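The values are calculated or read from the model by the stated rules, or taken from the named source; none is laboratory data. Model, not experiment: these values are computed from the prediction. Note that each Cβ is placed from the backbone with ideal geometry, even for glycine, and that neighbours are counted across all protein chains shown.
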Amino acid sequence: MRKLRMGMIGGGTGSFIGDVHRKAASIDGMIELVCGAFSSTAEKSINSGKNLFLAEDRCYANYEEMILKEKELPEDVRMDFVAIVTPNHMHFPPAKMALENGFNVICDKPVTLSLEEALALKKVIDASGKTFALTHNYTGNPMVKQAKAMVAHGDLGKIRKIQVQYLQGWLATSIEKTDQKQAAWRVDPKKSGIGGALGDIGTHAENLTEYITGLHIEELAADLGVFGEGRVLDDDGNVLIRMNNGAKGTLSISQIAVGEENNLAIKVYGEKGSLEWHQENPNQLITRWLDEPVKIYTPNGNGLYPEALEVSRIPAGHPEGYLEAFATIYKNFANHLLAINNGETIDTPDYPTIEDGIRGMQFIYAAVESNNKNASWTKLA
């Protein structure tokens with residue numbers, strides 16, 4: 001048994017999500033960062049690695065150099081997997097190269113710039129025999145695990161209705177016209193893809209819906225908005241959804257909702273009961289019943305299914321949130337890699353995979369197509 005060795009692509013000095021990945025990967029003590037290509041600029045990449053106290057000879061100028069040089073190292077030294085934390089247009093090329101050179105991959109969402117790339121990446125993964133994970137981090141929250149388990153065990157009965165939202169306000173003004181890098185690439189279709197808010201936060205809402213309910217969105221009708229001056233990608237939208245069991249729902253997203261910070265929330269209604277979870281208050285899962293009082297579940301509290309207890313790290317009453325949920329994705333991914341290294345089999349590893357990534361891209365494409373046809377009902381490919 002040993003720690004898994006992680007390399008990172010992107011996430012250099014000043015990066016928000018790169019730092020989140022590094023912290024999340026380290027929480028359970030199973031992973032250590034050993035190398036990286038942290039920027040498209042060689043000098044910044046190398047300096048970022050030095051600032052993270054990495055060995056100088058493992059601070060690389062670009063991802064191509066990192067993958068090829070790491071491959072040449074002895075097996076007990078080189079990285080075990082690559083974490084890709086770049087803008088969307090730089091997901092597919094390094095993921096493909098890493099997989100083809102024998103490295104496992106964990107990647108930010110959405111999985112690729114286009115649906116075509118996502119489908120091509122699945123072929124690369126299948127041919128490589130390596131493992132791929134996608135960081136839909138909210139699925140790692142204990143109360144999300146509890147919600148999923150309650151639905152799977154039939155506690156709510158047949159699911160009838162779903163309401164999910166992801167509301168932010170940080171793009172309410174045109175901050176992409178300043179030096180705000182995070183905004184600039186997200187409103188650029190060459191770097192973001194055909195979806196703006198759809199790709200950035202809509203895929204989280206879609207993934208959370210399908211993860212908790214175990215259902216698939218079969219078709220949708222989308223009315224998207226572009227409110228930012230000069231923008232071409234959506235920054236707001238409302239989507240009607242029909243699930244493959246006949247359930248119906250609404251999915252609302254926005255990055256121009258003034259005053260909202262990170263308001264991801266979901267309500268699921270079944271024949272016998274309902275549940276409600278808010279990302280900004282992640283330690284409470286509210287449930288309501290036909291003939292019982294309202295019940296609120298908390299991490300490490302009473303009545304939890306094993307799936308929730310297994311990822312509750314902190315004693316009851318102490319808050320668990322964003323980083324811990326993110327860490328659960330890394331932990332489950334690491335456990336899978338360690339099992340493979342030990343010749344063991346895990347039939348259904350609990351982390352998002354390329355299939356979830358493809359579903360996300362199909363959601364984006366269907367929503368854009370529907371919007372272009374005046375919100376007509378459109379099936380997911």
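For this structure, a couple of remarks:
Each row is one residue, and each column tells you yes or no for (1) modelled with pLDDT under 95; (2) assigned to a loop (DSSP other than H, G, I, E, B).
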residue: S40; (1), (2): yes, yes
residue: S45; (1), (2): no, no
residue: F53; (1), (2): no, yes
residue: A61; (1), (2): no, yes
residue: E65; (1), (2): no, no
residue: K71; (1), (2): no, no
residue: P74; (1), (2): no, yes
residue: R78; (1), (2): no, yes
residue: V82; (1), (2): no, no
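- Test: residue in segment 23-38 that is farther than 29 Å from R313 by Cβ and surrounded by fewer than 19 Cβ atoms within 10 Å (Cβ to Cβ): no
- Filtered by the rule that a residue be under 22 Å from A325 (Cβ atoms) and either out of contact with any strand residue (DSSP E or B) (no Cβ under 7 Å at 6 or more places or on another chain) or small (G, A, S) (or both), segment 275-306 gives N281, P282, N283, T298, P299, N300, G301, N302, G303, Y305, P306.
- Output for segment 340-381, where each listed residue is acidic (D, E), under 18 Å from the mean Cα position of the chain (by Cα) and modelled with pLDDT of 95 or more: E355, D356
- Close pairs from segment 123-136: first part of a loop (DSSP other than H, G, I, E, B) and surrounded by 12 or more Cβ atoms within 10 Å (Cβ to Cβ), partner at pLDDT below 95 and among the hydrophobic types (A, V, I, L, M, F, W, C), Cβ under 8 Å, at least 6 apart: T131/I340
- Residues satisfying the stated conditions in segment 287-316, i.e. buried (at least 16 other Cβ atoms within 10 Å of the Cβ) and either more than 21 Å from the chain's Cα centre (by Cα) or basic (K, R) (or both): T287, Y297, T298, P299, N300, G301, L304, Y305, R313
- Residue pairs whose Cβ atoms lie under 8 Å apart, sitting 6 or more positions apart in sequence or on different chains, and linking a residue in segment 20-31 that is of a type in the set (A, V, I, L, M, F, W, C) to a partner that is surrounded by fewer than 16 Cβ atoms within 10 Å (Cβ to Cβ), are V20/L323; A24/L323; I27/L323; M30/K3; I31/K3.
- Residue within segment 335-352 that is in the same structural domain as L215 (by TED's automatic domain parsing) and of a type in the set (V, I, T) present: no
- Check on D108, touching a strand residue (DSSP E or B) at 6+ places or on another chain (Cβ under 9 Å), in the same structural domain as M8 (by TED's automatic domain parsing) and of a type outside the set (A, V, I, L, M, F, W, C): yes
- A search for C-beta distances below 6 Å between a residue of segment 328-340 that is within 14 Å of F132 (Cβ to Cβ) and any residue that is of a type outside the set (A, V, I, L, M, F, W, C) and at pLDDT below 95, counting only pairs 6+ apart in sequence or on different chains, returns N332/D350; H336/P349.
- Filter result (farther than 21 Å from M243 by Cβ, in contact (Cβ under 8 Å) with a residue 40 or more places away in the chain and surrounded by 16 or more Cβ atoms within 10 Å (Cβ to Cβ)) within segment 263-286: N263, Q279, P282, N283
- Condition check for K145: in the same structural domain as T250 (by TED's automatic domain parsing), of a type in the set (D, E, K, R), surrounded by fewer than 17 Cβ atoms within 10 Å (Cβ to Cβ) and within 18 Å of the chain's Cα centre (by Cα): no
Conditions tested, residue by residue: (1) over 18 Å from V111 (Cβ atoms); (2) of a type in the set (F, W, Y); (3) in contact with a Leu (Cβ under 6 Å, 6 or more places away or on another chain); (4) crowded, with 16+ Cβ neighbours inside 10 Å.
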| position | (1), (2), (3), (4) |
| --- | --- |
| K161 | yes, no, no, no |
| L167 | yes, no, no, yes |
| T173 | yes, no, no, no |
| L198 | no, no, no, yes |
| T209 | no, no, no, yes |
| L233 | no, no, no, yes |
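- Test: residue in segment 249-257 that is out of contact with any Gly (no Cβ under 8 Å at 6 or more places or on another chain) and over 19 Å from M143 (Cβ atoms): yes
- Among the residues of segment 317-339, those identified as in contact with a Pro (Cβ under 7 Å, 6 or more places away or on another chain) and modelled with pLDDT under 95 are E320, G321.
- Looking across segment 341-381, the residues that are in contact with a strand residue (DSSP E or B) (Cβ under 6 Å, 6 or more places away or on another chain) and either among the small types (G, A, S) or at positive phi (or both) come down to G357, A366, A367, S370, A375.
- Selection of segment 323-359 for residues being closer than 30 Å to M243 by Cα and in a loop (DSSP other than H, G, I, E, B) yields I346, D347, T348, P349, D350, Y351, P352, T353.
- In segment 56-93, the residues that are touching a Cys at 6+ places or on another chain (Cβ under 8 Å), of a type outside the set (F, W, Y) and more than 23 Å from K109 (Cα to Cα): R58, C59, E70
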